[in-house]
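For reference, the structure is listed below as structure tokens.
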Amino acid sequence: MTTRGLAGSPAWKLVGRRLVAAVIVLWGVTFLTYAVMSALPNDTAAGLLGLKASPAQIAALNRRLGLNQPFWVRYWHWFVNLLHGNLGTTLEGQSVNHELATYLPVTMELLAYALVVSLVLAVGLAVLAARKPNGAADRFSLALSMLGLSAAPYAFAIFIIVVFGVQLGWFPVQSNALGTGGVGTFFREATLPAASLGFGLFAIYARVLRGDLVEQMQREDYITTARAKGLAPWRVLVRHALRNSMFTLITVVGLNLGALIGAAAIIETLFSAPGIGQELLNSISNHDVPMVEGIVLVFAIITVAGNLLADLLYAVLDPRIRYGSSSS
Amino acid sequence: MAVPAPDTAVLVPGGPPLPSLLVSDRQVRMQRIWRAVKLWVPLGVVLFLLAMCFLLPLVVTLPSPTNGDILAASLPPLSPGHLLGTDTVGVDELSQVVYGGQVSFEVAAAVTAIGIAVGGVIGVTAGYLGGWIDAVLSRVLDVLIAFPALVLALAVSQGLGPSEIHVIWALSFFGVPVFGRIARANTLVIRELPFVTAARLSGTPGWRVVARHVVPNILPGVVSFGLLGAGLTIILEGALDYLGYGIPPPEASWGSMIASGQQYMSAEPRYVLIPSIFLVVVVVALNMFGDALRERWGAQ
């Protein structure tokens, strides 16, 4: 997205434009999901009724579920309900809103845990690495982040399950009690799945931040100024360079939020954690369109909101963008 | 007093990091060697694995990757005739790695090629033409990026049945918008450069400017990113196989090897470790090769 053509326009106009674009994107995602799910051959009613169902029974259930209506009509009904805050009912007859309220918190807590820990570790390691480019800490950080980028989360998850769950016995190998119990239960059950999700994130954050920090330290005039003032090197790094590199990190975090649902689906299934990701896999295999739509919508909102927040934060923190001066 | 101006010490604000002036010949040589190592070693690893997967079965007769001898089950690595041993039903591990690797490489190559071709056309069109065409195409890319492609991949494989070609179509939905964005961003930069303006002012038709000036200049960035994308595709393809939505069994794939070895992980970790190691090595090599190319071409 560019800020060209916005020169001199007030900040709220930019916000307005971004919001309109975000709503259009969200609508596009719901429509695409409905279209894909409907275009694929499926025998939802026959699947629900089992092998002994007569064609008449199947037709009756299809009528009851509204599956005999054309795709446009079904999507329109769903969309009108959505505008009233109602996400419809699942094939089993529960309200999608209720199902989301049940499963979503587990996933959100898991993702928040993974996100916070990987961010803290990544910032720490990147600062250590950037203190002396090509030094020992830097080489270690580069190697570790390359491994994190390249390790498949499911293979890494199995590996840590065996080491920390089976051999050492520090953590349970399944996380099916997540969402019940207190803080102790949460950390015991959530640590391995959060680590599986977080290793890749940590790798991306550490790599991006390290690259940006090194570049800032080598190129920027304000760093030279800070050094010339006689500030201690670590102070220049943390108070000046890191503060600016946070821009890049914020963007990367925002852009990556959406990809987390895919990883969460796999990791939750692997750990049998009762979260929304596992529910997504189930509803896809049952061809439960309203449930799939609900989950997809929630994560599309998170993705779009992440991008929007990154954009807005940028505009708030950097006046050059707010006023639309020449920036790439 | 005339101060001889060292020709390498011109300070350019915001320019590339200046090489220290106190570098010895030996250090320069070492740097050059290290740069070469970073490029050629990963490339060598990728070529070696490609040869292993595609040429080895033509040269030697490998045991079947789908049928095993139950009497020769759970053989350890380095057993006669089974270099990496056999799994719990006696299927040779090496031939599963080889034939599973073929699938991984084929899917990665196809998805990356589709991503570069389709995403490239969308991105260059949007970036070069600008205006409402850019606005529409950019929103389409935004929708595709915000759309959890795993849903699509699983739904396609569930609705149409698992197969290699369906995996390729489904994973292309990951690739196209990402390549599209990169191509668009690079095109926006190239479009403003003087040589493009000169070409336009001299009356060169638009398609020719794109083909002769824009595309060759954005290609390095897109291709080196393509290598990272290929690595990611291999991981995702493995994820689909792992979940049972990818390559239909009994055909071999790395993801399904991991899935089926999972239950023996405590007693016999090698069933998971063998495919996982190949998976990590391939992806690390592709990533490092991509990084080295990017560094060399100065692409973003």
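For segment A:268-297, a residue qualifies if it is more than 10 Å from chain B (Cβ to nearest Cβ), over 24 Å from A:Val80 (Cβ atoms), in a helix (DSSP H, G or I) and among the aliphatic types (A, V, I, L, M), and exactly one does: A:Ile276. Considering the conditions (1) within 26 Å of B:Ala239 (Cα to Cα); (2) modelled with pLDDT of 85 or more; (3) of a type in the set (D, E, K, R), A:Arg210 is excluded by exactly one of them, (1).
Every residue, every condition in (1) polar (S, T, N, Q); (2) over 18 Å from A:Ala194 (Cβ atoms); (3) within 13 Å of another protein chain (Cβ to nearest Cβ), yes or no:
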site: A:Ser95; (1), (2), (3): yes, yes, no
site: A:His98; (1), (2), (3): no, yes, no
site: A:Pro105; (1), (2), (3): no, no, no
site: A:Ala114; (1), (2), (3): no, no, no
site: A:Ala122; (1), (2), (3): no, no, no
site: A:Ala129; (1), (2), (3): no, yes, no
site: A:Arg139; (1), (2), (3): no, yes, yes
site: A:Ser150; (1), (2), (3): yes, yes, yes
site: A:Pro153; (1), (2), (3): no, no, yes
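The set of residues in segment A:216-240 being within 14 Å of chain B (Cβ to nearest Cβ) and crowded, with 16+ Cβ neighbours inside 10 Å consists of A:Gln216, A:Met217, A:Arg219, A:Glu220, A:Ile223.
Of the residues screened, A:Leu100 is not one that is of a type in the set (A, V, I, L, M, F, W, C), closer than 30 Å to A:Asn62 by Cβ and in a loop (DSSP other than H, G, I, E, B).
Within the bounds of segment A:257-264, is there any residue that is farther than 19 Å from A:Ala112 by Cβ, crowded, with 19+ Cβ neighbours inside 10 Å and not polar (S, T, N, Q)? Outline the logic, then answer.
Filtering segment A:257-264 down to residues farther than 19 Å from A:Ala112 by Cβ leaves none.
No, segment A:257-264 contains no residue that is farther than 19 Å from A:Ala112 by Cβ, crowded, with 19+ Cβ neighbours inside 10 Å and not polar (S, T, N, Q).
Close Cβ contacts (under 6 Å, 6 or more residues apart or on different chains) running from residues in segment B:40-66 that are more than 17 Å from B:Ala292 (Cβ to Cβ) to residues that are of a type in the set (Gly, Ala, Ser) comprise B:Cys53/B:Gly101; B:Leu62/B:Ser95; B:Pro63/B:Ser95; B:Pro65/B:Ser95; B:Pro65/B:Ala252. Only residues that are more than 10 Å from chain A (Cβ to nearest Cβ), among the hydrophobic types (A, V, I, L, M, F, W, C) and assigned to a helix (DSSP H, G or I) were counted in segment B:242-300, giving 7. Taken over segment B:133-172, the criterion of being surrounded by fewer than 19 Cβ atoms within 10 Å (Cβ to Cβ), facing chain A (nearest Cβ under 7 Å) and under 25 Å from A:Leu257 (Cβ atoms) is satisfied by B:Arg139 alone.
Once segment A:171-215 is narrowed to residues that are in a loop (DSSP other than H, G, I, E, B) and of a type in the set (A, V, I, L, M, F, W, C), the residue that is surrounded by the most Cβ atoms within 10 Å (Cβ to Cβ) is A:Leu178.
Yes/no matrix, rows are residues, columns are (1) at negative phi; (2) surrounded by fewer than 19 Cβ atoms within 10 Å (Cβ to Cβ); (3) modelled with pLDDT of 90 or more; (4) of a type in the set (Phe, Trp, Tyr):
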{"site": "A:Leu121", "(1), (2), (3), (4)": "yes, yes, yes, no"}
{"site": "A:Ala129", "(1), (2), (3), (4)": "yes, no, no, no"}
{"site": "A:Ala136", "(1), (2), (3), (4)": "yes, yes, no, no"}
{"site": "A:Ala143", "(1), (2), (3), (4)": "yes, yes, no, no"}
{"site": "A:Pro153", "(1), (2), (3), (4)": "yes, no, no, no"}
{"site": "A:Phe159", "(1), (2), (3), (4)": "yes, yes, no, yes"}
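Collect the residues in segment A:22-39 that are without any contact (Cβ under 8 Å) to a residue 40 or more places away in the chain and within 7 Å of chain B (Cβ to nearest Cβ), keeping them in residue-number order. Once the filter is applied, which keeps residues that are without any contact (Cβ under 8 Å) to a residue 40 or more places away in the chain and within 7 Å of chain B (Cβ to nearest Cβ), segment A:22-39 yields A:Ile24, A:Gly28, A:Leu32, A:Val36. When B:Val178 is tested against (1) under 22 Å from the mean Cα position of the chain (by Cα); (2) more than 14 Å from chain A (Cβ to nearest Cβ); (3) of a type outside the set (Lys, Arg); (4) more than 26 Å from A:Ser285 (Cα to Cα), only condition (2) is not met. Apart from one condition, B:Gly123 fits all of (1) over 30 Å from B:Leu188 (Cβ atoms); (2) assigned to a helix (DSSP H, G or I); the exception is (1).
The values are calculated or read from the model by the stated rules, or taken from the named source; none is laboratory data. Everything numeric in this text was worked out from a predicted model, so none of it was measured. Cβ coordinates were reconstructed from backbone atoms using ideal geometry, including for glycine residues, and neighbour counts include every protein chain displayed.
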